[in-house]
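J.: Quick one: structure below, then a few questions.
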Amino acid sequence: AGTWSADGANACDTCLAGTYASAGSASCSACSSGTYSDDGSSACTKCDGGTWSNTSASECVACAAGKSSGSGASACTDCKGGEYSAAAAATCSSCAGGTHSSAGSRNCSACVGGTYSNAGAASCVACGSGTYSDDRVASSCTSCGAGKFQGAIGQTSCSDCPSGRVQADTGEDACSAC
């Protein structure tokens, strides 16, 4: 196995890497994409997850960072938005809350103040009126406390109610006159 011969040959020839032959073969066959072989192979071997190959491959190639593949892959695919991967990844990982990524990312980026994200988010969302986030990497927004308000979205703090105005509730976008 792993060798072949033509009609009238007095010796078998070894199949080259990227090809294979079973016992009694008259020629070597190319390995299909997603597989590889060494010299003299009787079969091709599936590429491991995180790698890929074209046809007639002598080895599998690692996926680049931001991509992944299952075993036997003929190509790597980009991680989806909200996911990331290092090189040679069989699967992409989900971004943590307070971070985000676009498709094909090698890492996740922190949300800026005034925004937040849930785990696996492709983008950060502005905090609504009556709420804020004062730090990066927020997975939720905080409601403004009593005596405070925030009338705009995407803010990093709340404002105190001015003199002559009050707010007894939390998470409000305005204060009321006394």
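The values are calculated or read from the model by the stated rules, or taken from the named source; none is laboratory data. Given the structure is predicted, the values throughout are model-derived calculations rather than measurements. Neighbour counts run over all protein chains shown; Cβ positions are idealised from the backbone, glycine included. Heavy atoms of the whole protein, side chains included, go into the accessibility calculation; ligands, DNA and RNA do not. Shrake-Rupley method; radii C 1.70, N 1.55, O 1.52, S 1.80 Å.
J.: With a 1.4 Å probe and every protein chain left in place, work out the accessible area per residue of the chain in Å², rounded to a whole number.
T.: Accessible area per residue, the chain: 53 Å².
J.: Using each residue's phi in segment 94-110, evaluate 6.51 cos²θ - 1.76 cosθ + 1.60 at θ = phi - 60° and report the 3J(HN,Hα) Karplus result to the nearest Hz, with x for Gly and Pro.
T.: Per-residue couplings from phi come out as 7, 5, 6, x, x, 10, 8, 8, 8, 4, x, 8, 8, 7, 9, 10, 6 Hz.
J.: Please work out the FRET efficiency for the pair Val125 and Asp160, using the Cβ-Cβ distance as r and a Förster radius of 30 Å; give the result to the nearest 0.05.
T.: Given R0 = 30 Å and the Cβ-Cβ separation, E is 0.70.
J.: Which value does Rg/Rh take for segment 33-111 over its C-alpha atoms, Rh per Kirkwood?
T.: Here the Rg-to-Rh quotient is 1.14.
J.: Report, to the nearest whole %, how much of the accessible area of the chain belongs to carbon and sulfur atoms, 1.4 Å probe, protein only.
T.: Percent of accessible area from carbon and sulfur atoms in the chain: 46.
J.: If you don't mind, another one. Using a simple spin-label model with points 7 Å from Cα along the Cα→Cβ vector, what separation in nm is obtained for Val112 and Ala43?
T.: 5.6
J.: Roughly how big is the chain's charge dipole about its Cα centre, with Cβ charges of +1 (Lys, Arg) and -1 (Asp, Glu), in debye to the nearest 20?
T.: The calculated dipole for the chain is roughly 360 debye.
J.: Please sort by residue number the trypsin sites (Lys or Arg not before Pro) in segment 114-175 whose DSSP state is loop and whose Cβ has at most 16 other Cβ atoms within 10 Å.
T.: Arg136
J.: Determine Rg/Rh for the chain; Rg is computed over alpha-carbon atoms and Rh is the Kirkwood hydrodynamic estimate from the same atoms.
T.: 1.47
J.: How much length is gained on full extension from Val61 to Cys178, taking 0.36 nm per residue of separation minus their Cα-Cα distance?
T.: Extra length available between Val61 and Cys178 comes to 35.0 nm.
J.: Stretched out fully, how many nm does the piece from Ala146 to Ser93 gain, at 0.36 nm a residue minus the Cα gap?
T.: Stretched fully, the Ala146-Ser93 segment lengthens by 15.1 nm.
J.: Can you list the residues, at least 5 places off or on another chain, whose amide H is less than 5 Å from the amide H of Ala121, using H built in the peptide plane?
T.: Distant-sequence amide H within range of Ala121: Cys95.
J.: Residue-wise, which Karplus ³J(HN,Hα) couplings in Hz belong to segment 164-178, taking 6.51 cos²θ - 1.76 cosθ + 1.60, θ = phi - 60°, and x for glycine or proline?
T.: With the stated coefficients, segment 164-178 comes to x, 10, 9, 8, 7, 8, 9, x, 9, 9, 7, 10, 9, 5, 5 Hz.
J.: Can you tell which of Ala1, Ser123, Ala138 lies farthest toward the positive end of the dipole of the chain, using +1 and -1 charges on the Cβ of basic and acidic side chains (Lys, Arg; Asp, Glu)?
T.: Comparing the listed Cα positions along the dipole, Ala138 ranks first.
J.: Give the list, by residue number, of cysteines in the chain with no other Cys Cβ closer than 4.7 Å, or say none.
T.: When partners are defined as cysteine Cβ atoms under 4.7 Å apart, the chain leaves Cys12, Cys178 without one.
J.: On to the next question. Quick one: give the max-minus-min coordinate of the C-alpha atoms of segment 110-157 along each principal axis, largest first, in Å.
T.: Here the Cα extents, ordered largest to smallest, are 34, 14, 13 Å.
J.: Expressed as a rounded percentage, what relative contact order does segment 1-116 have, with Cα pairs under 8 Å and six or more residues apart?
T.: Relative contact order, segment 1-116: 18 percent.
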